[in-house]
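Structure first, then comments.
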Amino acid sequence: MARSPLTSVYLIPENQTVKPLSELPAEMKALLTATLVFLGIGVLVALAYLDASHVGTGGSVWITPHDIALMYRSPGVSVTTLLSLAHIHMLALALVFWMVGYIFIHSSFARGWKIFWSVLPFGAFLLDVSGWFLTRYDYWFVYFVLIGGGLFVLALTVMMLLSLYDMWVV
């Protein structure tokens, strides 16, 4: 019988499937839990940095769309700087999105939901980054940054929490 290219790539015997999260041994659950918790803390630290670095820029005590837009519209932030930041963020976040998504697709949730949530952060971050560049030319593109950033954080949060639930509660 011919082997499927997919089973060959992942080195999974043809008659075996990957175990769902709830059936993994305790040591694998512990590793995946530590990974999700660590990445979750990393996202929270990034949000704290965003708040600390932007708040008050426009004179408010709370971070506002105006504060974020000012950052991208300031003369000190060149296209070269944005390209450098986009490059670093895209490479690093691709790994974060992949790790969390890979864990999540092994959950017991419906296939459509697994596809939706695991792909959403990639598209959302592209919206976010495009907003960085476009806000330089029109203030209203700051909402690309807010919507894109909000969606990728939401997707990561949903996948992390549902994966942990599926791993330990189901």
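Taking 0.36 nm per residue of separation and subtracting the current Cα-Cα distance, fully stretching the chain between residue 31 and residue 139 would add 34.5 nm. Taking 0.36 nm per residue of sequence separation and subtracting the Cα-Cα distance, how much length would be gained by fully extending the chain between residue 46 and residue 18, in nm to one decimal? Taking residue 46 through residue 18 to full extension adds about 6.8 nm, to one decimal.
The heavy atoms of residue 29 offer some 30 square angstrom of accessible surface to a 1.4 angstrom probe.
Translational diffusion coefficient of region 95-164 (Stokes-Einstein, Kirkwood radius from Cα pairs, 37 °C, 0.692 mPa s): 264 µm²/s.
Based on Cα contacts under 8 Å between residues 6+ apart, region 78-134 shows a relative contact order of 41 percent. Per-residue ellipticity at 222 nm computed for the chain from its helices equals -24500 deg cm²/dmol, with DSSP H segments shorter than 4 residues left out and the rest contributing -39,500 (n - 2.57). Paramagnetic label reach from residue 102 (point 7 Å along Cα→Cβ; backbone nitrogen cut-off under 13 Å): within region 36-50, residues 36.
Explain nothing, just the number: relative contact order of region 60-159, from Cα pairs under 8 Å at least 6 residues apart, as a whole percent. Here the relative contact order equals 32 percent.
The charge dipole of the chain, taken about its Cα centre with unit charges on the Cβ atoms of Lys, Arg (+1), Asp and Glu (-1) only, comes to about 240 debye.
Ignoring ligands and nucleic acids, what accessible area does residue 78 show with a 1.4 Å probe (Å², nearest 10)? In the full protein context, residue 78 sits at about 40 Å².
Within the full protein context, the accessible area of residue 139 is estimated at about 60 Å² for a probe radius of 1.4 Å. Between the listed residues 122, 168, 82, the Cα displaced farthest toward the positive end of the dipole of the chain, a dipole computed from Cβ unit charges relative to the Cα centre, is found at 122. For the chain, hydrophobic long helices are taken as DSSP H runs at least 18 Å long by C-alpha position along their axis with mean Kyte-Doolittle hydropathy of -0.5 or more; these are 26-54, 79-104, 111-134, 142-168. Per residue, the chain exposes an accessible area of 61 Å² to a 1.4 Å probe, with every protein chain left in place.
Using equal-weight Cα scatterers in the Debye expression, the normalised intensity of the chain in log10 at q = 0.20 Å⁻¹ is -1.29.
The values are calculated or read from the model by the stated rules, or taken from the named source; none is laboratory data. Quick caveat, the model's predicted, so the values are computed rather than measured. Cβ coordinates were reconstructed from backbone atoms using ideal geometry, including for glycine residues, and neighbour counts include every protein chain displayed. The protein model used for the area step is the full one, side chains on, heavy atoms only, and it has no ligands, DNA or RNA in it. Shrake-Rupley method; radii C 1.70, N 1.55, O 1.52, S 1.80 Å.
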